[in-house]
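Data first, discussion second: the structure below is written as structure tokens.
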Amino acid sequence: MSTVNQKQDNLIVVLDMGSAWTRVLAADLNEGAMRYRGHGIVESAGMRKGLIADLAPAAKAVKAANAQAERVARINIDECVVGVGGPHIRGLNTNGGIELGNRMREITRDDVRSAVERARAVERPPDREIIHLLPRQFILDDQPGIFDPVGMVGARLEVDLHIATCSGSALQSTVTCANRAGLEVTEAVLESIAAAEATLSADERELGVCLLNIGAHSSDLVVFFEGAVAHTASVPIGGAHFTNDLAVCLQLPLAQAEELKRQYGHCVVTAVPQQAEIEIANPQPQVLRLRSIAEILEPRARELLYFVKESLRQGGVVEALGAGCVLTGGGALLPGMLDVTESQLRVPARIGMPVRLSHMPGELVDPGFATAIGMLLYAHRTRVTRAAENNTLRAKLRAIFAASF
């Protein structure tokens, strides 16, 4: 029993509730490195258009995925980090600052917090919940481009801040769902930021990059520029819309349309040989030109990227993609998506495969798992940061205590 508790101290578990799949992924820290422990994946239930519509079946799916992860990892899982994504995600950039007094003095961690608090005090609708406060840069006495001002000396500290928000009720539904499945939620992470954690290089973040996480019912995007988040948004089109288009146009059941999309789908009509045909049952056998599948999928792909470009334009970051665009999520694997992305955004594009944790099965090195793996990495990084801050605080308190004697 003691070995289980010992493992649980450094265990991190994440819950990724997508429209199509519900995933639970567990890892622990082994000598400072992330090590895969187990995962569970089941078909999602109770979801509609990327949101929880019915708590009971959604919670049942979470419970089933968690039970699978517990079996593989051979541990009890009772808490998790949840991912937040979908059409309700909004991001905004804001600015604020504090005067440090008449004379220059050293900047403390508390000063940084005060400046961030001043910048976050913007009007927002009552149902908006802040998920992340992401400093883009600090400005000390009119000197911009500072990443961490602690320890520097100045008289005025300002911060450019990106605030990522979500619908409060949507977040609460996710937490309630996890609770009903027997899981306590310790933290919430924006899914696009998590996916970026698992797929983007430091150089890409510096040069400017858009990460597009294509889910089933919506696609979330995040833009990094000069190492910081510059824009977050969501577009109401995902992989399920491609499947629905095929089902409606070819008068097929959804399951058959999904299978057709996976096996023969392509987003560029001219990339499909003109004579290529297959036979499908519908319900009688019929011959289908492969180009007719692409003729249905290409307009939807172009629409998705049109919305992405509009979002980038509204965020003022269209010109900031020096490193191009990285596609991840299950929908990224549709052949031709990279070509459509490159032609619509006029930047290079690549598929974002998640980094591989030690002991992790090969089938998880897939864009569909980028969010879950990124949530693990993000949660680990925030734990390390908090521990470092706590240690600094303890050292200060010890010094004060020692000095008073």
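A few notes on this one:
- Protection proxy ranking, peptides 184-193, 277-286, 36-45, 90-99, average beta carbon neighbours within 10 Å, highest first: 184-193, 36-45, 90-99, 277-286
- Cα point-scatterer Debye curve for the chain, base-10 log of I(q)/I(0) at q = 0.07, 0.08, 0.11 Å⁻¹: -0.37, -0.48, -0.88
- Relative contact order (%) - the chain, alpha-carbon pairs under 8 angstrom, separation at least six: 16 percent
- The range 90-166: projected area of the alpha-carbon convex hull, averaged over directions, in nm²: 5.0 nm²
- Mean projection area, nm², convex hull over Cα of the range 214-352: 8.1 nm²
- Axis of helix 290-314 versus longest Cα principal axis of the chain: the two differ by about 20°, to the nearest ten degrees.
- Ranked from largest, the principal axis spans of the Cα set of the range 145-286 equal 78, 44, 20 Å.
- Both the radius of gyration and Dmax for the range 216-279 are 16.5, 51 Å, in that order, over alpha-carbon atoms.
- Calculated over the range 153-229: convex hull of Cα atoms, volume per residue (Å³): 158 Å³
- Equivalent ellipsoid semi-axes - Cα gyration tensor, the range 1-135, angstrom: 38, 25, 10
- Positive-end residue of Leu338, Asn102, Asn76, charge dipole of the chain with Cβ unit charges: Asn76
- Maximal additional length on extending the Ala67-Thr108 stretch stands at 10.2 nm, based on 0.36 nm per residue less the C-alpha distance.
- Whole-number percent relative contact order across the range 87-198, with pairs defined as alpha carbons under 8 Å at least 6 apart: 34 percent
All of the numbers you see were taken from the coordinates with simple rules; none came from a lab. The structure presented is a predicted model; accordingly, all values stated were derived computationally and were not measured. All Cβ positions, glycine included, derive from the backbone under ideal geometry; neighbour counts span all protein chains shown.
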